[in-house]
Amino acid sequence: MRIVLLGAPGSGKGTQAKLMVEKLNIPHISTGDLLRGAIAAKTELGLAAKEVMDRGDLVSDEIVLGMLKDRVTQDDAENGFILDGFPRNVAQAEMLENLLSELDMALDHALLIQVDPDEVVARIAKRAEIEGRTDDTEEVVRNRLNVYAQQTAPVADFYQEQDIVTEILGKGSIEDVQARIQAILRF
Ligand code: AMP
């Protein structure tokens, strides 16, 4: 099963993806995690990406697509994957479509996790305390939410045209949201 998770920063995509992995036995591929890995490894790419990420802007499509391509072509992704944080704009959605069709693959589901903006801000503030991410400060979060509204929200429309979008209510406990996802995917 090939799944894309959509939703604002702080909507719980990463948390839900980790729970889905346990059941579905397919990898969770987060472009944010791949980029943070490159930063931690102090690669040239990581150093270039860090400045952009610390502002809350999007890293270039070419860099992210390159990382994604390397990851989805690994053996463990042969039977599917859960994408989290990609695509972030319509150009990336088109690039993903091209990449998957080259590999003779297609997406099965785009799950859009819907959370109130106030809830998102509260969740990110909590995450900032726990994880200490440098892009979880108030000012940067505000920019990330703007970037989401302007560039990422249209990705849902892109998949709506393909009729693969399901909206998931992101309210309630982590388990509540997971149960809604499992009901949709029937696992
Ligand atoms: P995330 O962990 O998904 O919240 O991503 C953290 C940051 O990494 C974002 O604010 C962007 O700067 C960068 N990033 C992650 N995924 C992408 C992507 N698909 N395209 C561009 N930038 C990305």
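If you average the C-alpha positions of the range 97-176 and of the range 1-38 separately, how far apart do those two centres end up, in angstrom?
Spelled out, the Cα-based centre of one part sits 10 Å from the other.
Answer with one residue from Asn143, Val90, Met105: the one whose Cα lies farthest towards the positive end of the charge dipole of the range 84-158, charges on Cβ with Lys, Arg +1 and Asp, Glu -1.
Of the listed residues, the answer is Asn143.
Quick one: if you stick a label point 7 Å off each Cα along the C-beta vector at Gln182 and Glu167, how many nm between them?
Once both label points are built, they end up 2.5 nm from each other.
For the chain, what does -39500 (n - 2.57) per DSSP helix run (n ≥ 4), summed and divided by total residues, give at 222 nm, in deg cm²/dmol to the nearest 500? Present the calculation step by step, with values, prior to reporting the outcome.
Values: 9 runs with 105 residues, N = 187.
Here the helix-only value at 222 nm equals -17500 deg cm²/dmol.
If I model a spin label at Leu99 and Asp57 as a point 7 Å from the Cα along the Cα→Cβ vector, what separation in nanometres do I get?
2.2
Is the shape of the range 1-152 best called rounded, prolate or oblate, per the rule: a/c under 1.5 gives rounded, else a/b larger than b/c gives prolate, else oblate, with a ≥ b ≥ c the square roots of the Cα gyration tensor eigenvalues? Don't skip to the answer; put the middle values down first.
Values: a/c = 1.60, a/b = 1.32, b/c = 1.22.
Prolate shape, in that a/c is at least 1.5 and a/b is the bigger ratio.
Reachable lysines from Lys126, Cα under 17 Å, same-chain residues fewer than 8 places away excluded?
The qualifying lysines are Lys13, Lys171.
When we measure straight from the Cα of Lys18, which aspartates and glutamates land under 15 angstrom away, once same-chain ones fewer than 8 places off are left out?
Counting by Cα, and skipping residues close in sequence, Lys18 has these aspartates and glutamates nearby: Asp33, Asp84, Glu175, Asp176.
Relative to the present Cα-Cα distance, how much length would full extension add between Glu78 and Lys23 at 0.36 nm per residue of separation?
Values: separation 55, 0.36 × 55 = 19.80 nm, distance 1.64 nm.
Extra length from Glu78 to Lys23 when fully extended: 18.2 nm.
Non-local amide H neighbours of Glu167 (under 5 Å, H modeled in plane, Pro and chain starts lacking H): which ones?
Leu112
Through the Karplus equation 6.51 cos²θ - 1.76 cosθ + 1.60, θ set to phi - 60°, convert the phi angles of the range 58-73 into ³J(HN,Hα) values in whole Hz; use x for Gly and Pro.
Result, rounded to whole Hz: 8, 5, 4, 4, 5, 4, 5, 5, x, 5, 5, 4, 4, 7, 6, 8.
Once you charge only the Cβ atoms, +1 for Lys and Arg and -1 for Asp and Glu, what is the size of the charge dipole of the chain about its Cα centre, to the nearest 20 debye? Don't skip to the end; give the middle numbers.
Working: 20 positive and 33 negative charges, 101 e Å.
With only Lys, Arg, Asp and Glu charged at Cβ, the dipole is about 480 debye.
Determine which lysines satisfy two conditions relative to Lys42: a Cα distance under 20 Å, and not lying fewer than 8 residues away in the same chain.
Once the sequence-local lysines are set aside, what remains near Lys42 is Lys50.
Output the relative contact order of the chain, whole-number percent, from Cα pairs under 8 angstrom with separation of 6+ residues. Don't skip to the answer; put the middle values down first.
Working: 247 pairs, mean separation 63.8, N = 187.
Result for the chain is 34 percent.
Each value in this text was obtained by applying a stated rule to the coordinates, not by laboratory testing. What you see is a predicted model, and the numbers here were worked out from it, not measured in a lab. Quick reminder, even Gly has a Cβ in these numbers, built from the backbone with ideal geometry, and neighbours come from all protein chains shown.
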